Amino acid sequence: MTHSIAAMAETLRGDPGSVGAVSGVGMHMQKHAYGVWSTKPGLPVGGLPAAPSADTPEPTPIVTSPEGTATVAAYSVLHGRDGAPERALLICDLPEGARCYALLEGGPAALARPEADELVGRRVTLTPKDQLNLAVLS
């Protein structure tokens, strides 16, 4: 998010008095961050500009305890203080069009894979266990 905020500051400085929004997922994909920025303190006269109207698709359903095969849509590898990978968080597309979150299973060897090879598009097998979704590369 820091890079996004810096880029927004540069953009707003080029258009004094304008308003911009920065949005993203932080805190290891566990928190959503959102900020409205301007070169002038306070809200602009009349409040924030209206959001552009567009046909937005229906949100993708999230399945809490999937089982079976899925395809990796996105992922992030989390590292410990020693720099070694501790876990990999996956967002997976399910065959019926829904999505789920999962942790990559398989120990250090499995955690080294996403840093050496691209996982987006790879197949995984999902198993729910102890309120977590575990994924193994197929």
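Each reported figure results from applying straightforward, stated rules to the coordinates on display, with no laboratory input. The model shown is predicted, which means the values in this text are computed figures rather than measured ones. Here the Cβ is made from the backbone with ideal geometry for all residues, glycine too, and neighbour counts use every protein chain on show.
Return the inverse of the average 1/r over all pairs of distinct C-alpha atoms in the chain, which is the Kirkwood hydrodynamic radius, in Å to one decimal. Here the Kirkwood hydrodynamic radius works out to 17.8 Å.
In terms of the mean number of neighbouring beta-carbon atoms within 10 Å, the peptides 67-79, 8-20 order highest first as 67-79, 8-20.
Using a simple spin-label model with pseudo-atoms 7 Å out from Cα toward Cβ, R123 and A98 lie 2.1 nm apart. Amide H contacts for R122 (H built 1.01 Å from N in the peptide plane; partners 5 or more residues away or on another chain; cut-off under 5 Å): V72. Taking θ as phi - 60° and the Karplus parameters 6.51, -1.76 and 1.60, the scalar couplings of segment 122-138 work out to 6, 7, 9, 10, 9, 9, x, 8, 6, 6, 10, 9, 9, 10, 10, 5, 7 Hz in sequence order, x denoting glycine and proline.
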